[in-house]
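Accompanying notes for the structure given below.
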Amino acid sequence: MRKKMLPPGMALAAVGILSAVLMAGCDAGPKSAAGFRLPDGDPEAGEAAFLALQCNSCHVISNYELPPPAGEGPVQVTLGGEVTRVKTYGELVTSIINPSHKLVRWYPEEEVSEDGKSLMPAVNDRMTVRELIDLVAFLQPHYDVVVPRYEYPEYQYAPIY
């Protein structure tokens, strides 16, 4: 059986079109976070902000002891701990200022409001930019990236004659 090959000009055109399509997906667009970077924060001040904003009424931090909250919130959500990919600076900022951005339909009912929003109260009107920066500096080091262990079965290949 003879393999069919593309003519050289057609192969080059296909590579060019594929490259253009892939590069178009890299277009940052007007709502891109490209170039966005807040200054470094102070983790100690971030812990103080976490407590002052009463985040500990609903959130606990994996392997980290905080003072008990004045009152307990409707859910207990653990932050930090082992994750299989890096929690980026942008993801943490977004989760704080727009907590409903990543809710999925299979969240337990008790963790979502009747209108499908996060139960996390909006703190944007009472949190300063400095507190946000410090809060992210406090939270980010509590995430430990681990490589997932995949155990694949061993396959025995028979030689093909």
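Numbers at a glance
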quantity: For ASP125: the one exception among (1) within 18 Å of the chain's Cα centre (by Cα); (2) at pLDDT 80 or above; calculated: (1)
quantity: Filter result (outside any helix (DSSP H, G or I) and either at pLDDT 90 or above or among the β-branched types (Val, Ile, Thr) (or both)) within the stretch 40-65; calculated: ASP40, GLY41, ASP42, LEU53, GLN54, HIS59, VAL60, ILE61, SER62, ASN63, TYR64, GLU65
quantity: The stretch 105-151 - residue that is of a type in the set (Asp, Glu) and assigned to a loop (DSSP other than H, G, I, E, B) and, of those, nearest to TYR89 (Cα to Cα); calculated: ASP125
quantity: Count of residues meeting criterion [at pLDDT below 85 and either over 12 Å from the mean Cα position of the chain (by Cα) or in a loop (DSSP other than H, G, I, E, B) (or both)] in the stretch 78-90; calculated: 5
quantity: Residue in the stretch 30-51 that is basic (Lys, Arg), surrounded by fewer than 10 Cβ atoms within 10 Å (Cβ to Cβ) and more than 30 Å from TYR150 (Cα to Cα) present; calculated: yes
quantity: Residue list for the stretch 91-104, filter: surrounded by 13 or more Cβ atoms within 10 Å (Cβ to Cβ) and in a loop (DSSP other than H, G, I, E, B); calculated: ASN98, LEU103
quantity: Any chance GLY73 is part of a loop (DSSP other than H, G, I, E, B), at pLDDT 75 or above, under 26 Å from the mean Cα position of the chain (by Cα) and surrounded by 14 or more Cβ atoms within 10 Å (Cβ to Cβ); calculated: yes
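The values are calculated or read from the model by the stated rules, or taken from the named source; none is laboratory data. Just so you know, these numbers come straight off a predicted model, no measurement behind them. Cβ atoms come from the backbone with ideal geometry, glycine included; neighbour counts cover every protein chain shown.
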